[in-house]
């Protein structure tokens, strides 16, 4: 990358606004919502009311890892009360488990849910809309979010598939199987993600199952940016667009070492490109 191009891209990113840190808790679980889990967030340091952004990491990841906090900071900079949510993620689950975990987080009718904790914040206005992002299992919980809170307007899902080895989850997260319309879902998967079969054809099929949009090639984004996008090996620094393309050096690397292109770039597959996409669906 030339110095001139780097300078142009830097100007395209949102200014690092003044933000404040906060913590909270909620009652979550895999069946009943009876266990206390943590919430960590950032919000604009002003007196205005803001829409809400929620992020969830994948199986066995630390809920406030670099991936989560980079997304949270990015949305706080864009004018959101933004938070990453801890949940019982030691193992993957079938649809009944995923549905229970998502409900504990997003249950609009429960005073103990994570959305209740966030929407009650002084500078949060969930009436302006909520947008959600997640990785792997966290992406699936995100896709299910609108089942439990109709204020969820759009979802950015990475590493999201219809099948995870023994866990076939298409019955609850597939196109037409959940409340969230596919016109408000963007799925971004690596071209050699093993959960998509490790091939472009397999990843394409999995992305099509979740979104309902069918295209040849590696991109099937619609007019409003929903749909799916495949990340190519040539686009990531380590040359491995696997399940963890977000990280430097694939899924075997430290979860806090991020691919620099994903973390700081502006293309459709990057964090900034997708956070920008989410912002069109909420009032500001």
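The values are calculated or read from the model by the stated rules, or taken from the named source; none is laboratory data. Just so you know, these numbers come straight off a predicted model, no measurement behind them. For neighbour counting, all protein chains shown are included, and Cβ atoms are generated from backbone atoms with ideal geometry for every residue, glycine included.
A few notes on this one:
- So residue 90, is it part of a loop (DSSP other than H, G, I, E, B) and within 26 Å of residue 194 (Cβ to Cβ): yes
- Of the residues making up the stretch 190-204, those that are surrounded by 16 or more Cβ atoms within 10 Å (Cβ to Cβ) and more than 18 Å from residue 248 (Cβ to Cβ) number 8.
- Scanning the stretch 222-247 for residues that are surrounded by fewer than 17 Cβ atoms within 10 Å (Cβ to Cβ) and outside any loop (DSSP other than H, G, I, E, B) yields 233, 234.
- Of all residues in the stretch 20-60, those satisfying the criterion of being within 11 Å of residue 123 (Cβ to Cβ) and either at pLDDT below 95 or in a loop (DSSP other than H, G, I, E, B) (or both) are 45, 46, 47, 48, 49, 51.
- Condition check for residue 278 on (1) without any contact (Cβ under 8 Å) to a residue 12 or more places away in the chain; (2) assigned to a helix (DSSP H, G or I): one failure, at (1).
- Members of the stretch 155-170 found to be surrounded by 24 or more Cβ atoms within 10 Å (Cβ to Cβ) and within 14 Å of residue 228 (Cβ to Cβ), listed by number: 155, 156, 157, 158, 159, 160, 161
- Residue match in the stretch 267-284 (condition: modelled with pLDDT under 95 and over 15 Å from the mean Cα position of the chain (by Cα)): yes
- Residue that is farthest from residue 186 (Cα to Cα), among those in the stretch 208-221 that are free of Cβ contacts under 8 Å to residues at least 40 places away in the same chain, in contact with a strand residue (DSSP E or B) (Cβ under 6 Å, 6 or more places away or on another chain) and outside any loop (DSSP other than H, G, I, E, B): 220
- Of all residues in the stretch 51-87, those satisfying the criterion of being closer than 17 Å to residue 160 by Cα and free of Cβ contacts under 8 Å to residues at least 60 places away in the same chain are 60, 68.
- Just one of (1) surrounded by fewer than 20 Cβ atoms within 10 Å (Cβ to Cβ); (2) in contact with a strand residue (DSSP E or B) (Cβ under 6 Å, 6 or more places away or on another chain); (3) outside any loop (DSSP other than H, G, I, E, B) fails for residue 273. It is (2).
- Subset tally (residues that are closer than 22 Å to residue 125 by Cβ and part of a strand (DSSP E or B)) for the stretch 141-189: 5
- Between 190, 134, 196, the distinction of being in contact (Cβ under 8 Å) with a residue 60 or more places away in the chain and touching a strand residue (DSSP E or B) at 6+ places or on another chain (Cβ under 7 Å) belongs to 134 only.
- Residue in the stretch 88-104 that is surrounded by the fewest Cβ atoms within 10 Å (Cβ to Cβ), counting only those that are out of contact with any helix residue (DSSP H, G or I) (no Cβ under 8 Å at 6 or more places or on another chain) and touching a residue at least 24 places away in the same chain (Cβ under 8 Å): 90
- Residue match in the stretch 116-123 (condition: within 23 Å of residue 22 (Cβ to Cβ), at pLDDT 95 or above, out of contact with any helix residue (DSSP H, G or I) (no Cβ under 6 Å at 6 or more places or on another chain) and assigned to a strand (DSSP E or B)): no
- When residue 173 is tested against (1) under 16 Å from the mean Cα position of the chain (by Cα); (2) surrounded by fewer than 22 Cβ atoms within 10 Å (Cβ to Cβ); (3) within 19 Å of residue 91 (Cβ to Cβ), just one condition goes unmet, and that condition is (2).
- Within the stretch 124-140, if we keep just the residues that are over 16 Å from residue 282 (Cα atoms) and in a strand (DSSP E or B), the residue that is nearest to the chain's Cα centre (by Cα) turns out to be 134.
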